[in-house]
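Only one structure is covered here, and it is reproduced in the block below.
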Amino acid sequence: MSSRDFILMTLVRGEMTKIRHSCLFVLLSAAALAQNAPTSLQSLIAEARQNNVAIKAAESALQTTRYMPKQASALPDTEVMVQHFTVGSPRPFAGYSNSDFAYIGFGASQELPYPGKRALRANVAQHEVAISGAEKNSVAWDVLTRLKLAYFQLAASQQVISVLERNQQAADGIEQAAEARYRVGEGMQQDVLRAQLERTKLLNGLSMQRRESAQAQVVLKALLNRSQESSDLITEPLSARRTPTVEALFAKLRQNNPELQVSAEQVSQTRTAVELANREKKPDFGVQYMWQHTADNFRDYYMGTFSIKFPNRSRVRAAEAEAKAKVTQAEAEKESRLKQMESDLGEQLAIVQTSEQKLKVYEEGLIPQSEAALNAGLAGYRAGGKQEYQGLLASFADTLQLSIDRERTLAEHEAAIARIEGLVGEELQ
């Protein structure tokens, strides 16, 4: 190999190495961006519907109940019989060839419920399927509501952490201004200590918010059926949503609430059970047929039997009374649930209205005014004016607290809407 070829190969290998490194850098950068990208609430809702273990268990329970109507409407088990009758001795086939009483017989019997009983039993079981479906829907909404609450808690914590980190810079500026004035004899050492105290409060606040954020991460990963060692979630910024009219929400509650749907199906099932209990007063029937064979020199026997089974009237009357009592109980429980749900909805609507008013005051008045006052005070203090240091710190603390309260109020507003969505069984846009 010539030196020229060797140099060319070296250059090519160098370029290939650079390309591989560039590709690796691009892949790692893309992975880092994907990991740090905010995750929308809707994508987590879809993931929870697919992976949450409680929802899966409810779906399995629903699949199990779907076999019940077919079993309930089936005929009673058919009975097949073999009879052996001997004459003169207990030995098998004794008298079989010399007596027309000895025989071996084959037969079958079948019970026949009174017409309509099987259909009503299937109807009662079909209501059980509907109840299981409504319970699955209730479980899903409970999971999604808890998912949303954890998401909003995480979003609030992450936003408050961002607010605290931004205000650390302002606290550093105040502390530096206090130290500068103290060095030239225009300030007091106590001012520097107060500034350091404010920075310590910020650090404590950050620690608390990171703990709350970690708790929300644990809840979210559990609801999503993710490993607790998986990457932490980053939420999207929250924005205040609007709700439909109060009348529309109460109408949706009565129509779509998952727990009320369970109660409604239970009422329908108990009413059908009353019809079944009334039909159980009717007698059931039975048919039986048997062929009895003796020796060839004797004629065979053919025997058919039709029977009627009359139910015990005191028992069926008690069962009918019990079924009627269960209807009254189910209707009362449904009404009680409705009143409780209406009360819960009214409470959440009050939270939404109050938080909307507070957000408007924060965003249009308090926060802009507080930030303007803080900036003006800090500028005056740095310029050596007569700005009172205690007032400057109070303005800083007020601005920080208002920003934190705004984020928490926004999360409270969205959490109330999430509970309303769980009550009305519908996503609100």
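Cβ contacts < 6 Å: first residue at positive phi, restricted to the stretch 62-91; second residue of a type outside the set (Val, Ile, Thr) and outside any helix (DSSP H, G or I), any location; separation 6+ or different chain. Result?
Gly88/Ala94; Gly88/Gly95
Any chance the stretch 245-258 includes a residue that's in contact with a helix residue (DSSP H, G or I) (Cβ under 9 Å, 6 or more places away or on another chain), among the basic types (Lys, Arg) and not in a helix (DSSP H, G or I)?
no
In the stretch 114-133, how many residues are part of a loop (DSSP other than H, G, I, E, B) and either buried (at least 20 other Cβ atoms within 10 Å of the Cβ) or charged (D, E, K, R) (or both)?
Here the count works out to 0.
Just need a number here: residues in the stretch 46-69 that are in contact with a helix residue (DSSP H, G or I) (Cβ under 6 Å, 6 or more places away or on another chain), over 16 Å from Ala134 (Cβ atoms) and aliphatic (A, V, I, L, M).
Adding up the residues that qualify gives 1.
Results for (1) among the acidic types (Asp, Glu); (2) at pLDDT 90 or above; (3) surrounded by 13 or more Cβ atoms within 10 Å (Cβ to Cβ); (4) under 16 Å from Gln159 (Cβ atoms), shown as yes or no for each residue.
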{"residue": "Val192", "(1), (2), (3), (4)": "no, no, yes, no"}
{"residue": "Ala195", "(1), (2), (3), (4)": "no, no, yes, no"}
{"residue": "Gln209", "(1), (2), (3), (4)": "no, no, yes, yes"}
{"residue": "Val219", "(1), (2), (3), (4)": "no, yes, yes, no"}
{"residue": "Leu223", "(1), (2), (3), (4)": "no, yes, yes, no"}
{"residue": "Glu229", "(1), (2), (3), (4)": "yes, no, no, no"}
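The values are calculated or read from the model by the stated rules, or taken from the named source; none is laboratory data. Source: prediction; values computed, not measured. All Cβ positions, even for glycine, are placed from backbone atoms using ideal geometry, and neighbour counts span all protein chains on display.
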